[in-house]
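Everything on this sheet refers to the single structure shown next.
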Amino acid sequence: MLIDEEFINSKIIDEYKLLLKSRLNEKRYYHSLCVADEARRLAALYGADENKAYLAGLLHDITKNATVAEHLQIFGAFDIILTDVEKSGEKLWHAISGAAYVKHYLDIDDEEIVSAIRYHTTARADMTKLQAVLYLADFTSADRDYDDVDVMRRLVDKSEDEALMYALKYTINELIEKGAAIHPDTVSAYNFIVLKGLKNEG
Ligand code: DGI
Ligand code: FE
Ligand code: FE
């Protein structure tokens, strides 16, 4: 599957949008359109593939409004076994099920896109450009409205690593505040960025 400009302007994208509309509530559908646009913008800024970024952004939350039953069906169908931390945090499920959904049900065979969706909630250590673009676009899309959104919007335009650092700190602080478990991938992502910063200093 060649994800080029022609593909992004093709009828397939209209079909994906209809599918998203049927699967998501109105707010989440609008969020998906906004993340697609922001991901394309950040891809241009950071040197990632703009068309892949748009498609990953559009589809990243495709299972966000899925029921527990549908999640369990997807996990069962593709032999996905959740860790205890994943079991404890339902908000983590849609990144895992979403990656499986686009790969197996939408036949998206581009592993860069599938893995960007897979890690869009937790992030991970040493992310690809596309993974970082999607992770950050989810924080700075036009529909977002949280306390520090202005700071995040300034940071993504300034520095990919500083934006990642800020986003991970913000997320980890929130999780601690809520008493939620921190996924090992979130911890690894944070440590990776901290160590990268220390190396550049020293
Ligand atoms: O799906 P969105 O709302 O657009 O955004 P998202 O996929 O980044 O999901 C955000 C939620 O995921 C937020 O409520 C915090 C949660 N989350 C992110 N990292 C972790 C986490 N939850 C747990 N338990 N552990 C994590 O490491
Ligand atoms: Fe999400
Ligand atoms: Fe999202």
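The values are calculated or read from the model by the stated rules, or taken from the named source; none is laboratory data. Everything numeric here is computed off the predicted structure, so don't read it as measured data. Virtual Cβ from ideal backbone geometry, glycine too; neighbours counted across all protein chains shown. The area values use the complete protein model at the heavy-atom level, side chains included, leaving out ligands, DNA and RNA. Shrake-Rupley method; radii C 1.70, N 1.55, O 1.52, S 1.80 Å.
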Q. Nearest 20 debye, what's the magnitude of the dipole of the chain about its Cα centre given +1 on Lys and Arg Cβ and -1 on Asp and Glu Cβ?
A. 320 debye
Q) For the stretch 107-166, with every protein chain kept in place, what is the accessible area per residue (1.4 Å probe, Å²)? A) 44 Å²
Q: Could you check which residue among Ile172, Ile182, Ile80 shows the biggest mean-square fluctuation in a GNM of the chain with a 10 Å Cα cutoff?
A: Ile80
Q. Which residue, chosen from Asn173, Asn51, Leu72, occupies the Cα position most advanced towards the positive end of the dipole of the chain, where the dipole is computed from +1 (Lys, Arg) and -1 (Asp, Glu) charges on Cβ about the Cα centre?
A. Asn173
Q. How much length, in nm to one decimal, is gained on full extension between Met1 and Leu72, taken as 0.36 nm per residue of separation minus their Cα-Cα distance?
A. 22.7 nm
Q: Would you mind checking the stretch 118-134 for residues with the amide N under 16 Å from a putative spin-label position 7 Å along Cα→C-beta of Glu111?
A: 118-119, 127-131
Q) What residues of the stretch 135-153 lie in the reach of a label at Glu26, counting those whose backbone N is under 19 Å from a point 7 Å from the Cα along Cα→Cβ? A) 142-145
(Q) Could you work out what % of the accessible surface of the chain is carbon and sulfur, using a 1.4 angstrom probe and leaving DNA, RNA and ligands out of the count? (A) 51 percent
**Q.** Over the stretch 1-123, relative contact order from alpha-carbon pairs under 8 Å, at least 6 apart, %
**A.** 24 percent
